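Visitor: First, the structure itself, so that you have it in front of you.
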Amino acid sequence: LENLQPEIKELAKRLQYEVSVRGKQLGWSEKVARFHFSKNMRRIVAELYVRDNCHPFKATLLLWVQVPMWVCVSLALRNCSVGALGSAVQEQFSSGGALWFTDLTAPDSTWILPVSLGLVNLLVVEV
């Protein structure tokens, strides 16, 4: 999409000129000229998306999968940590940690896990 922006801007300038010339020839009002410009611009941009196979919806497709997955995993972890699944699971979480976090039901007072997770996510985005 970003690679198409210079071409779209150039085509928009050319189309604006053509619509203004045609509008003066046919005596169109400003509103009619804007309508023809926007209609033709949408058509041109749609053709460019088809040509380069880069529809904007494809960029959001991963989001539509990740958000419901994130909500489900968050709810599952919350249910596990507050004991909604039973006391056996709660006991396993309270004694199943490692290193500095021996109790998985207690908040991380050192902030090591949230900060490291944020840094790893930043690294993934930047790479």
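Visitor: Every residue in the stretch 57-97 that is closer than 25 Å to E7 by Cα and open to solvent by 100 Å² or more (accessible area, probe 1.4 Å), please.
Guide: Hits for the stretch 57-97 are F57, K58.
Visitor: Among the residues of the stretch 24-45, count how many are under 21 Å from N3 (Cα atoms) and open to solvent by 70 Å² or more (accessible area, probe 1.4 Å).
Guide: Result for the stretch 24-45: 2.
Visitor: Exactly one of these conditions fails for L48: (1) part of a helix (DSSP H, G or I); (2) surrounded by fewer than 11 Cβ atoms within 10 Å (Cβ to Cβ). Give me its number.
Guide: (2)
Visitor: Here is a follow-up. Evaluate the following for C54: is it part of a helix (DSSP H, G or I) and out of contact with any strand residue (DSSP E or B) (no Cβ under 9 Å at 6 or more places or on another chain)? Don't jump to the end; show me each part of the working.
Guide: Details: part of a helix (DSSP H, G or I): no; out of contact with any strand residue (DSSP E or B) (no Cβ under 9 Å at 6 or more places or on another chain): yes.
So C54 does not fit the description; no.
Visitor: Could you tell me whether N79 is in contact with a Leu (Cβ under 8 Å, 6 or more places away or on another chain), part of a helix (DSSP H, G or I) and at pLDDT 90 or above? Can you show your working first?
Guide: Numbers: in contact with a Leu (Cβ under 8 Å, 6 or more places away or on another chain): yes; part of a helix (DSSP H, G or I): yes; at pLDDT 90 or above: no.
So N79 does not fit the description; no.
Visitor: Farther than 22 Å from E2 by Cα and either surrounded by 10 or more Cβ atoms within 10 Å (Cβ to Cβ) or not basic (K, R) (or both), is that true of C54? So that I can check it myself, show each step before the final result.
Guide: On the way: farther than 22 Å from E2 by Cα: no; either surrounded by 10 or more Cβ atoms within 10 Å (Cβ to Cβ) or not basic (K, R) (or both): yes.
The answer is no for C54.
The values are calculated or read from the model by the stated rules, or taken from the named source; none is laboratory data. As the structure is a computational prediction, the values presented were derived from the model and not from experiment. No Cβ is skipped: glycine too gets one built from the backbone with ideal geometry, and neighbour counts run over all protein chains shown. The area values use the complete protein model at the heavy-atom level, side chains included, leaving out ligands, DNA and RNA. Shrake-Rupley method; radii C 1.70, N 1.55, O 1.52, S 1.80 Å.
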